[in-house]
Amino acid sequence: MCNLYSVTKGQAAIRELFRVAQDRAGNLPPMPGVFPDYAAPIVRAGPDGRELVTARWGMPAPAFVMSGRTTDPLVTNVRNVKSPHWRRWLGEGSRCVVPFTSFSEYETTPEGKKVPVWLALGEDRPLAAFAGIWTTWTSTRKKAEGEVTCDVFAFLTTDANGVVGPIHPKAMPVILRSEDEVATWLTAPAAEALALQRPLPDDALRIVARGEKKDERMEVR
């Protein structure tokens, strides 16, 4: 699963690419390493057009996962959209896009070491989006923090393509590359939007870095 990504293009670039009408995100610094439960930018449909906001990465875990737990382990990647737990957030008002410039999967070396491998749509890390869902939720995410109510998000995954598969054969994020795909994900009926849950063509993705837990335009080693 993808549990690490980056978004290093500026806030103005996010607003422009995703046609944001309302920027409610405050000051967004470059984020070369976004980890679970970090606050990160998402774009969602609002009453006055698309909104840029921040939300914490990790949707609430299903009830069977929470059994016996006092803190929510969070779900960052969603695959089974037929599950009742996730179906409730597949309507238009709960879908969002998650801006990113690269994402990481962990490769296991012959020595058994887990090494981050960064993938992007090009060496220049063009801005794109994951197909995401969001909600406002009350739970205890960290014991020291206690119960909180906050906006949270996750993104969908699908079958791995030929680039991701050798690194992580089980899955890859659902990636949106055009305004038409973004508009469909945000506003179309669920059945039409979920047709976007498919892997990218192999030639649309490339490995751009290896070895670090953040991507700051590193060269491939």
Legend entry - Neighbours by Cβ (under 9 Å, 6+ apart or cross-chain): first from the stretch 93-111, without any contact (Cβ under 8 Å) to a residue 60 or more places away in the chain; second of a type in the set (Lys, Arg) and surrounded by fewer than 18 Cβ atoms within 10 Å (Cβ to Cβ): Ser94/Arg88; Thr108/Lys114
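The rows are residues; the columns are (1) over 26 Å from Ala12 (Cα atoms); (2) without any contact (Cβ under 8 Å) to a residue 60 or more places away in the chain.
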{"site": "Ala129", "(1), (2)": "no, no"}
{"site": "Thr140", "(1), (2)": "yes, no"}
{"site": "Glu147", "(1), (2)": "yes, yes"}
{"site": "Val152", "(1), (2)": "no, no"}
{"site": "Thr158", "(1), (2)": "yes, no"}
{"site": "Gly162", "(1), (2)": "yes, yes"}
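Yes or no: Pro169 surrounded by fewer than 20 Cβ atoms within 10 Å (Cβ to Cβ), free of Cβ contacts under 8 Å to residues at least 24 places away in the same chain and part of a loop (DSSP other than H, G, I, E, B)? Talk me through it step by step, then tell me what you get.
On the way: surrounded by fewer than 20 Cβ atoms within 10 Å (Cβ to Cβ): yes; free of Cβ contacts under 8 Å to residues at least 24 places away in the same chain: yes; part of a loop (DSSP other than H, G, I, E, B): yes.
Yes, satisfied.
Take Leu194 and tell me if it is within 18 Å of the chain's Cα centre (by Cα) and part of a strand (DSSP E or B). Spell out the reasoning first.
Numbers: within 18 Å of the chain's Cα centre (by Cα): yes; part of a strand (DSSP E or B): no.
Spelling it out, it is not the case that Leu194 is within 18 Å of the chain's Cα centre (by Cα) and part of a strand (DSSP E or B).
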Legend entry - Matching entry among Ala160, Ala120 (being over 30 Å from Gly68 (Cβ atoms), within 14 Å of the chain's Cα centre (by Cα) and at pLDDT 95 or above): Ala120
Legend entry - Where Ala128 falls short, out of the listed (1) at pLDDT 95 or above; (2) within 30 Å of Asp203 (Cα to Cα); (3) aliphatic (A, V, I, L, M); (4) touching a Gly at 6+ places or on another chain (Cβ under 7 Å): (4)
Inset, instruction - Looking only at the stretch 140-153, decide whether some residue is surrounded by 13 or more Cβ atoms within 10 Å (Cβ to Cβ) and of a type in the set (Gly, Ala, Ser). - result: no
Inset, instruction - For the stretch 62-71, state whether one or more residues are in contact (Cβ under 8 Å) with a residue 24 or more places away in the chain and within 17 Å of the chain's Cα centre (by Cα). - result: no
Inset, instruction - Might you check whether a residue that is among the charged types (D, E, K, R), more than 27 Å from Gly10 (Cβ to Cβ) and surrounded by fewer than 18 Cβ atoms within 10 Å (Cβ to Cβ) occurs anywhere in the stretch 204-219? - result: no
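The values are calculated or read from the model by the stated rules, or taken from the named source; none is laboratory data. From a predicted model like this one, the values you see are computed outputs, not experimental measurements. Positions of Cβ are backbone-derived with ideal geometry, glycine not excepted, and every protein chain shown enters the neighbour counts.
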